Amino acid sequence: MGTPFWQLTRSTQCDEGMLLMYKGILLGHPLMAQCHKFITRHKPLNHKQWLQRIAQVPEIDQQIDFYNSGPTITLLENKIAELLGKERALFVHKGMVGQNAALLQWSANLNRHRIAIHPQSHIAVDESDAYDKLLNLEVWMFGEPHCAITDNDIARLPEDLAAIVLELPTRRAGFRLPQWQTLEYLQQFAKTRGIPIHIDGARLLEAACYWQKPYADVAGIGNSVYVSLYKTLGAAAGGVVAGETEFIEQLIPWRSRMGGDLFTAFPYVLSALWGLRHYLPRIPEFHQRAYALAQAIQHRFGDEALPFPVQCNGFLVQLPVSAQVLERRALKLAEEKGIWLFDRILPQGEQSCRFEIQAGDALDDWQDADLVDLLEQLSR
């Protein structure tokens with residue numbers, strides 16, 4: 001095996017070794033831990049800060065959970081179920097476990113073995129073909145790259161599907177969201193054909209502001225829905241799958257079979273309860289901040305700086321500088337100023353690149369004009 005990338009970049013000097021990209025991913029780079037100012041997502045916490053946050057949660061004195069059983073897990077599941085307007089919710093330590101369990105159960109219930117997914121969905125791009133290698137499911141790709149699904153995409157769906165998977169938003173397509181009328185059409189299409197809809201709603205709470213709909217209305221498009229606890233809700237990890245009681249109870253054995261019966265999950269659960277109190281009320285604020293920042297970037301760099309219109313708290317920025325040059329400058333900035341800008345840089349030809357901004361409390365430390373000034377300096 002080759003030398004791990006974190007060993008290649010351990011030097012405290014911004015030398016050539018420090019400039020090696022690991023598939024474009026900078027998240028977890030050693031310099032990141034030395035930084036005090038960030039722009040995307042929430043401010044990262046160290047071990048001590050995580051423990052301090054968990055200690056603030058009122059439920060800290062309740063009985064600890066064991067193997068997914070305990071008062072704090074029940075409380076969390078009930079809160080998420082109510083938030084999403086579903087009968088029952090099930091905590092999972094990892095979203096992939098919950099979603100795979102849901103898809104397997106829909107397949108078993110209908111005795112069908114094909115699911116529909118977007119070609120840039122998380123399931124298609126980030127799970128090493130688990131739908132095939134692990135679940136033994138076939139896929140029907142619907143929707144075009146870099147686009148949200150349309151009515152025409154839906155009309156071409158086959159009728160022998162175990163489930164239609166709807167990622168809201170589709171991150172790899174540029175945080176794209178379909179129009180509400182398209183979601184209603186999909187719901188009616190699926191209902192008349194007896195096909196369940198599963199929502200990969202890892203960022204569903206962040207997306208709901210776009211349609212100006214309650215979370216329960218968005219979740220109501222699906223028969224089952226997954227939401228992340230560690231993205232905008234800021235938990236240490238974990239997620240929840242919600243739906244009708246009978247279906248959710250069918251997922252419990254699958255969670256166990258997939259290694260989801262953790263001895264205890266209290267850091268995930270208590271930090272999620274903290275997030276429901278502190279981050280959930282701020283989601284509309286993060287949504288508006290993303291719009292405002294994107295407008296400032298567009299005003300300075302032009303329309304080409306935003307490949308896609310902003311629809312939720314996450315969006316892509318494109319700058320006229322190569323990925324390698326931007327990475328070198330960003331790491332130098334991290335080393336010299338303690339400012340961390342990018343978790344991932346995506347090349348777009350020789351003299352252009354893209355990166356994500358996901359509005360969270362990290363932006364509390366910035367004025368939009370100051371951040372845009374800095375991006376302009378880095379792109380020269």
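Could you list all residues from the range 28-60 that are assigned to a loop (DSSP other than H, G, I, E, B), over 23 Å from Asp370 (Cα atoms) and touching a residue at least 60 places away in the same chain (Cβ under 8 Å)?
Of everything in the range 28-60, those that are assigned to a loop (DSSP other than H, G, I, E, B), over 23 Å from Asp370 (Cα atoms) and touching a residue at least 60 places away in the same chain (Cβ under 8 Å) turn out to be His29, Gln56, Val57.
Cβ contacts < 8 Å: first residue within 11 Å of Glu206 (Cα to Cα), restricted to the range 273-294; second residue open to solvent by 70 Å² or more (accessible area, probe 1.4 Å) and not in a helix (DSSP H, G or I), any location; separation 6+ or different chain. Result?
none
For Leu371, work out the one condition from (1) in a helix (DSSP H, G or I); (2) open to solvent by 10 Å² or more (accessible area, probe 1.4 Å) it doesn't fulfil.
The failed condition is (2).
Does Asp368 qualify as being modelled with pLDDT under 95, farther than 30 Å from Leu75 by Cβ and touching a Lys or Arg at 6+ places or on another chain (Cβ under 9 Å)?
no
Identify the single condition in (1) outside any helix (DSSP H, G or I); (2) out of contact with any strand residue (DSSP E or B) (no Cβ under 8 Å at 6 or more places or on another chain) that Glu285 does not satisfy, given that it satisfies every other one.
(1)
Against the condition outside any helix (DSSP H, G or I) and open to solvent by less than 20 Å² (accessible area, probe 1.4 Å), how does Phe308 come out, does it pass?
Judged against the criteria, Phe308 is not a match.
Mind checking which pairs have a first residue in the range 120-140 that is at negative phi and a second that is small (Gly, Ala, Ser) and at pLDDT 95 or above, Cβ under 6 Å, 6 or more apart or different chains?
Gln120/Ala173; Trp140/Ala116
Can you report the number of residues in the range 162-171 which are among the aliphatic types (A, V, I, L, M), assigned to a loop (DSSP other than H, G, I, E, B) and touching a Phe, Trp or Tyr at 6+ places or on another chain (Cβ under 7 Å)? Walk me through how you get there before you give the answer.
From the range 162-171, those among the aliphatic types (A, V, I, L, M) are 162-166, 168; that's our starting set.
Filter once more, so that each one left must be assigned to a loop (DSSP other than H, G, I, E, B): 162, 168.
Subset that is touching a Phe, Trp or Tyr at 6+ places or on another chain (Cβ under 7 Å): 162.
Total meeting the criteria: 1.
Can you find, within the range 149-161, the residue that is surrounded by the fewest Cβ atoms within 10 Å (Cβ to Cβ) among those that are touching a helix residue (DSSP H, G or I) at 6+ places or on another chain (Cβ under 7 Å) and in a helix (DSSP H, G or I)?
Asp151
If you go through the range 336-357 one residue at a time, do you hit one that is open to solvent by 20 Å² or more (accessible area, probe 1.4 Å), touching a helix residue (DSSP H, G or I) at 6+ places or on another chain (Cβ under 7 Å) and of a type in the set (D, E, K, R)?
The answer is no, given that none of the residues of the range 336-357 is open to solvent by 20 Å² or more (accessible area, probe 1.4 Å), touching a helix residue (DSSP H, G or I) at 6+ places or on another chain (Cβ under 7 Å) and of a type in the set (D, E, K, R).
Quick one: what pairs do we get from the range 202-214, first residue under 9 Å from Cys312 (Cβ atoms), second open to solvent by 30 Å² or more (accessible area, probe 1.4 Å) and of a type in the set (S, T, N, Q), C-beta under 7 Å, 6+ apart or different chains?
Matching pairs, first to second residue: none at all.
Which residue pairs have Cβ atoms closer than 7 Å, lie 6 or more positions apart in sequence or on different chains, and pair a first residue in the range 61-90 that is free of Cβ contacts under 8 Å to residues at least 40 places away in the same chain with a second residue that is open to solvent by less than 80 Å² (accessible area, probe 1.4 Å) and part of a helix (DSSP H, G or I)?
From the range 61-90, the pairs are Gln62/Pro71; Gln62/Thr72; Gln63/Pro71.
The values are calculated or read from the model by the stated rules, or taken from the named source; none is laboratory data. Please read all numbers here as calculations on a predicted model, not as lab measurements. Cβ coordinates were reconstructed from backbone atoms using ideal geometry, including for glycine residues, and neighbour counts include every protein chain displayed. Heavy atoms of the whole protein, side chains included, go into the accessibility calculation; ligands, DNA and RNA do not. Shrake-Rupley method; radii C 1.70, N 1.55, O 1.52, S 1.80 Å.
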